[in-house]
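Values in this text are rule-based calculations from the coordinates and carry no lab data. This one's a predicted model, so the numbers in the text were calculated from it and none came from an experiment. Cβ placement follows ideal geometry from the backbone for every residue including glycine, while neighbour counts extend to all protein chains displayed.
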Amino acid sequence: MTRNAIAAALALTLVATPALAAQAEKPLAPETHPPGDIPDSQVFVEFAAPFGVAMKVPEGWSRREAKDSATFADKFGTVSISVAPASAAPTVASVKADEAKALVAAGRAVTISRVAAVALPAGPAVEIVYGENSAPDAVTGKRIRLEKERFLVQRGGRRATLTFAAPAGADNVDQWKLMRESLQWR
């Protein structure tokens with residue numbers, strides 16, 4: 001094989017590589033010992049957002065705020081809250097048609113296991129339970145499978161979106177319940 005033939009074959013391989021990357025991402029297997037349990041002894045503090053909501057969040061977690069959102073993180077665990085204008089309250093049908101489809105389209109191997117109406121102290125809500133691969137860790141590049149819960153609750157032309165994420169298999173049921181039930185409109 002001549003040098004030109006080898007160079008042409010190499011160039012063809014490099015051009016074809018992005019097409020391989022565009023293939024559908026597969027769900028990662030859950031960790032055996034997930035690094036994301038919120039300890040039962042975790043202390044929670046009140047977070048009063050300038051965008052009109054308040055809730056309890058884990059003390060000591062890093063916080064990132066924007067004009068209409070805040071995210072709290074520790075390792076692969078996150079809690080995020082955002083508020084945006086909305087003309088109609090979410091329903092199971094509207095969430096399945098819009099929000100759930102958007103999660104699947106924009107996410108990393110998203111699998112939705114449930115969309116259901118739920119009652120929160122902050123008002124009627126729609127819950128989406130789903131799994132998704134994490135983004136690569138900035139230092140190690142490691143990715144894991146996450147379990148997520150998202151709650152959409154509306155009041156007075158505003159919709160709050162509360163999203164929890166933790167490594168699949170982490171036991172955060174009680175802590176997530178405490179936080180979602182602490183959500184209040186201000």
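One table, with the values for the structure above:
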| read-out | value |
| --- | --- |
| Relative pair counts by distance (%), Cα atoms of segment 75-186, 5 Å bins | 2, 11, 22, 24, 19, 13, 6, 2, 0 |
| Extension gain, Ala54 back to Ala89 (0.36 nm per residue minus Cα-Cα distance, nm) | 10.6 nm |
| Likely footprinting exposure, Asp98, Asp68, fewest C-beta neighbours within 10 Å first | Asp98, Asp68 |
| Residue-wise HN-Hα coupling along segment 142-149, computed from phi with Karplus coefficients 6.51, -1.76, 1.60 (Hz; x: Gly, Pro) | 5, 10, 9, 8, 10, 9, 9, 9 |
| Volume per residue of the C-alpha convex hull in segment 145-186, rounded to whole Å³ | 57 Å³ |
| Average Cα contact separation per residue, segment 24-185, under 8 Å, 6 or more apart, as relative contact order % | 29 percent |
| Hits among aspartates and glutamates - C-alpha to C-alpha of Lys56 under 20 Å, sequence gap 8 or more where chains match | Asp37, Asp40, Glu46, Glu65, Asp68, Asp74, Glu127, Glu149, Asp171, Asp174, Glu181 |
| Total charge dipole magnitude, segment 24-185, about the Cα centre, Cβ charges on Lys, Arg, Asp, Glu only, Debye to nearest 20 | 520 debye |
| Inter-label distance, nm, simple model (7 Å from Cα along the C-beta direction), Val129/Ser69 | 2.5 nm |
| Alpha-carbon centroid distance for the pair segment 112-155 / segment 45-67, whole angstrom | 18 Å |
